[in-house]
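Following: one structure in structure tokens, then a few remarks.
The numbers here are math on the coordinates, done by the rules we state, and not lab data. What you see is a predicted model; the values in this text were computed from it and never measured. All Cβ positions, even for glycine, are placed from backbone atoms using ideal geometry, and neighbour counts span all protein chains on display.
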Number of protein chains: 2
Amino acid sequence: MRADARDNRLRILTAAEEVFGASPAASTEDVAKLAGVGIATVFRHFPTKVELLEAVYTLRLERLRDRAAELAVAADPGEAFFEFFGQVVAEAGSKLAIAEALTAAGSVAGEDARRAGAGLRQAFGELLDRAQQSGAVRVDAALPEVYALLIGASRGATATALEPEVRNRMLALVYDGLRPGRSS
Amino acid sequence: MRADARDNRLRILTAAEEVFGASPAASTEDVAKLAGVGIATVFRHFPTKVELLEAVYTLRLERLRDRAAELAVAADPGEAFFEFFGQVVAEAGSKLAIAEALTAAGSVAGEDARRAGAGLRQAFGELLDRAQQSGAVRVDAALPEVYALLIGASRGATATALEPEVRNRMLALVYDGLRPGRSS
């Protein structure tokens, strides 16, 4: 792909992320407008709305996975784990909006998105391992239930459109349940 | 309403709860079949699919609200609170399926469902108050964040189609975060 085509692709993806993240009912025209390109350019890169949405969704998951990989070498593993948890929950609203737009467009996440999702879960598992080894997270909590809690906190924050302060108080309860020495 | 009409209405609602709770894409014909009545009888009670779905959804919320009211006089307020929390999460899958069927039918929860939902939240708040007064739940957790946690745990269990054991381990983490003497 030539450099200007690559630039355009990235501008379209960035615009699409903003547009669909804010409203699942947005149109490809809205994306073209925000990206400052013609609608034909959008369709040249992404022949269908589903392809555009899948690319945006995959990008979202890949970015989170990369952020988790970055944090996996942080000096304080406990802080890194809880920071990442909070970031996923804070960004959940726009991520779910993109997933919803994908469903509304008659598709589900494709192979790329599934691969990125699996990578994200694995990277989160590594953050959890390190946090447990450092003593910041209880060792009797396994990835399946902690990941379910991450998804749950994300959906809970989104479904009830929580104010940031309420979201943070909810997260404080979740974090306390994950800390060691708290098993009943 | 005559007794036999009332019986039919209840049979239809019970069948609809089962049918739509298992599959949001189910049809009114499936409901009539399970209820053992003709499709005309279903339409006599519920002229549209939306009306049927709203009635089922409202019934679901009212039953949970009534269960919460029952538990509000239980001998052990802590046990009552956590039992109710677990019941809501365990039943979330079929409840969300009904809500999804309602969305697919082009509607959102109507006035009756909203009233029942508000009643449920209030009844849950009373269970929380009692559990806090008895020392079973930390007093620095307010209803908005605890309710968000309830919704989140419900959605997390449903979105990831958790096995009951994983769901219970997830709930154990949530409960530990809600217990007193755990604030960080």
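Some observations on this one:
- Reachable lysines, given that their alpha-carbon falls under 19 Å from the alpha-carbon of B:LYS33 and they are not under 8 places away in the same chain: B:LYS49
- Dipole magnitude (debye, nearest 20) for the protein assembly as shown, charges at Cβ of Lys, Arg, Asp, Glu: 320 debye
- Short-range pairs are left out: with C-alpha atoms under 8 Å and at least six residues apart, the relative contact order of segment A:44-184 is 32 percent.
- For chain A, hydrophobic long helices are taken as DSSP H runs at least 30 Å long by C-alpha position along their axis with mean Kyte-Doolittle hydropathy of -0.5 or more; these are A:49-71.
- Considering only A:LYS49, A:LYS33, A:LYS95, the Gaussian network model of chain A with Cα springs below 10 Å gives its largest mean-square fluctuation to A:LYS33.
- Cα→Cβ-extended label distance, 7 Å offset, between A:ALA104 and B:GLU79, nm: 4.8 nm
- Taken as Cα centroids, segment A:26-50 and segment B:1-68 sit 44 Å apart, rounded to the nearest whole angstrom.
- Put a dot 7 Å past the Cα of B:VAL50, heading toward its Cβ, do the same for A:ASP129, and the two dots end up 5.2 nm apart.
- Placing a label point 7 Å from the Cα of B:VAL139 along the Cα-to-Cβ direction, the distances to the matching points in the other copies come to 3.6 nm, shortest first.
- Label geometry 7 Å along the beta-carbon vector: B:GLN122 inter-copy distances in nm: 5.2
- Length-normalised contact order for segment A:1-47 - Cα pairs under 8 Å, 6+ apart - percent: 36 percent
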